[in-house]
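Quick notes on the structure that follows.
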Amino acid sequence: MSNAKDFARLPGFRDFPPEELGLRSHLFEAWRRVAARYGFQEYDAPPLEPLSLYVEKSGEEIVGQLYNFTDKGGREVSLRPEMTPSLARVLGDRSRSMPKPIRWFSIPQLFRYERQQRGRLREHFQWNVDLVGAAGPEADAEVLAVALDGLRELGLDAHHIRARVSDRRLLAGILGALGVPESSLLAAYGVVDKIEREPRERILQRLTDEVELPREVAEAVAGLFDAPELDAVEARFGQDPAVAPHLASLRSFLEILGDLGFGEYVDFDLTIVRGLAYYTGVVFEIFDRAGEFRAVAGGGRYDRLLELVGGESLPAVGFGMGDVVLSDLLRERGLAPDTSHSVDHFIVTIGDEQASLARRIAASLRGRGRSVVYGVRGQSVRKQFSAASNEGAREVLVLGPDEVSRGVAVVRSMDSGAEREVRISELLGDAVVGA
Ligand code: HAM
């Protein structure tokens, strides 16, 4: 005998009854509107991919969280934990014949076997927006502007959210100046990425043990993040030829975001490096300003991934924005829309004789785009009115024997209670009811 517990939802997965799906659809609609406003086209790819697509390319953190298995044909496969490698693969097959830059977006469901915590589940939907075939701060700024506009469209402005931005080339130059060898950069990024969440002693220990830096270099690296603002960085490293060009490009990125109307949303922050292995330039994460939630979105420039996946060598920049933190944030700030169910008309019949007429009126109104529900056979009038209110009906059409014999129906507004008579021929014909 099985019991209900055997069929429980897996931890970290969600059901979406209509009242939950309403908010998700609200996000998707806003994302699609904003992507279209910037000229991006929607694409998709399979949810199950070869395991090799993620190993090495995504980096250790994600690979440790893969939902992977051997399929019945002996293939090593994985549910997709992120969209970017699939995008690189799809483009790899076709980008040569496409005009550049390529502006594509997608809203995939992704799967990561994460330790569950607030804002992190084992599945989530992620708005991915990527601009491929354009290098430079204009493309970087355009993509971050799409992300910020997507949030603004949902009611979140510069008081609610901020983007923290940096550039891996800049950080590489600075770390080089402090004595970190190039071969240790990726490992050093992994530690810097956690600098906010781990105590100083642990950071120093990881820099010496994992990154194998001498103690004084480790201390210089950890100390760097005591004053990570742009002016402080410029004052200290601005003359270094490995740093100067990246500072200039970052300043221009910030200036362009100002032109696009997002200056107030963006802060430079050297601690932002991102956990994924493939980023090569600008990196950014978007957070709620109060700092209560995990990142809402993250992205950056990845100029070598397409080539790594066997495609054309093309510069690219993009971001992913998850639905989990964003939904929590909207609810918490009172910005989740009212997604309660409603229909235009509910048809109440007094007797079974009007059932056929009710169906014909429903068909006619539905044919004109109205939403119509009618009562279950044999229900009392009182029950039908209560069903109309449960359906959120705007108007109730009452078909009673006396009125029908006179060729009319009574239309009652559920808001005001006001009643009027409407000709049944109109309900069955072209005229619009209750417009
Ligand atoms: P990511 O930082 O791993 O980037 O994920 C982006 C966003 O997806 C996060 O900021 C978060 O909102 C959401 N997210 C990630 N993991 C989870 C989870 N377990 N539960 C709920 N939400 C989650 C990427 O995936 C990159 N591929 C983005 C990108 C696109 N870069 C360039 N193009």
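Loop-located GluC sites (Glu not before Pro) in the stretch 40-80 (DSSP state not H, G, I, E or B) with no more than 13 neighbouring Cβ atoms inside 10 Å: Glu56. Normalised by 2.2 N^0.38 Å, where N is the number of residues, the alpha-carbon radius of gyration of the stretch 54-153 equals 1.26. Computed on the chain, with alpha-carbon pairs under 8 angstrom and 6+ residues apart, the relative contact order is 16 percent. Restricting the calculation to Cα atoms, the chain shows an Rg/Rh of 1.12 when the hydrodynamic-style radius is the Kirkwood one. Can you tell me which of Leu207, Leu151, Leu357 moves the most in a GNM of the chain? Springs connect C-alpha atoms under 10 Å apart. With Cα springs under 10 Å in the chain, the top fluctuation among Leu207, Leu151, Leu357 is at Leu357. With the simple spin-label model, which puts each label point 7 Å out from Cα in the Cβ direction, the Asp209 to Ser405 separation comes to 9.2 nm. Full extension of the chain segment joining Arg115 with Glu76 gains 11.7 nm, where the gain is 0.36 nm per residue of separation less the Cα-Cα distance. May I ask which residue of Ala158, Val63, Leu257 lies farthest towards the positive end of the charge dipole of the chain, with charges of +1 (Lys, Arg) and -1 (Asp, Glu) on Cβ and the Cα centre as origin? So the residue we want is Val63. For a Förster distance of 25 Å, can you work out the FRET efficiency between the beta-carbons of Leu48 and Ser25, rounded to the nearest 0.05? Once rounded, the FRET efficiency stands at 0.50. Out of the total accessible area of the chain (probe 1.4 Å, heavy atoms of protein only), what percent is carbon and sulfur? On the chain, the fraction of accessible area on carbon and sulfur atoms equals 49 percent.
Is the stretch 130-217 rounded, prolate or oblate when judged by the Cα gyration tensor, a ≥ b ≥ c being the square roots of its eigenvalues, rounded requiring a/c under 1.5 and prolate requiring a/b larger than b/c? Taking the square roots of the gyration eigenvalues as a ≥ b ≥ c, the stretch 130-217 is oblate. Among Ser184, Ser340, Ser386, which one moves the most in a GNM of the chain with springs linking Cα atoms closer than 10 Å? Maximum among the listed residues: Ser386. Of the trypsin sites (Lys or Arg not before Pro) found in the stretch 362-435, those in coil by DSSP whose Cβ has at most 14 other Cβ atoms within 10 Å are Arg368, Arg377, Arg406. GNM remark for the chain: springs join alpha carbons under 10 Å apart, and the peak mean-square fluctuation among Met321, Met98, Met414 falls on Met414. Nearest-5 percent of antiparallel DSSP beta bridges in the stretch 285-435? Roughly 65 percent of the DSSP beta bridges within the stretch 285-435 come out antiparallel.
Projected label points at Arg236 and Arg331, each 7 Å from Cα along the beta carbon direction, are separated by 4.1 nanometres.
Any idea what the dipole of the chain comes to, in debye rounded to 20, about its Cα centre with Lys/Arg Cβ at +1 and Asp/Glu Cβ at -1?
Working: 54 positive and 67 negative charges, 314 e Å.
Roughly 1500 debye for the chain.
Accessible surface for the chain, divided over its residues, is 48 Å² per residue with a 1.4 Å probe. Straight-line reach from Lys100: taking Cα to Cα under 18 Å and skipping same-chain neighbours fewer than 8 places apart, the aspartates and glutamates in range are Glu42, Asp130, Glu138, Asp140, Glu142, Asp303, Glu307, Glu312.
Note on the chain: antiparallel DSSP beta bridges, both residues inside, total approximately 75 percent of the bridges counted.
The values are calculated or read from the model by the stated rules, or taken from the named source; none is laboratory data. Worth saying up front: this structure is predicted, and the values here are computed from it rather than measured. For neighbour counting, all protein chains shown are included, and Cβ atoms are generated from backbone atoms with ideal geometry for every residue, glycine included. For accessibility, only protein heavy atoms count, side chains too; no ligands or nucleic acids. Shrake-Rupley method; radii C 1.70, N 1.55, O 1.52, S 1.80 Å.
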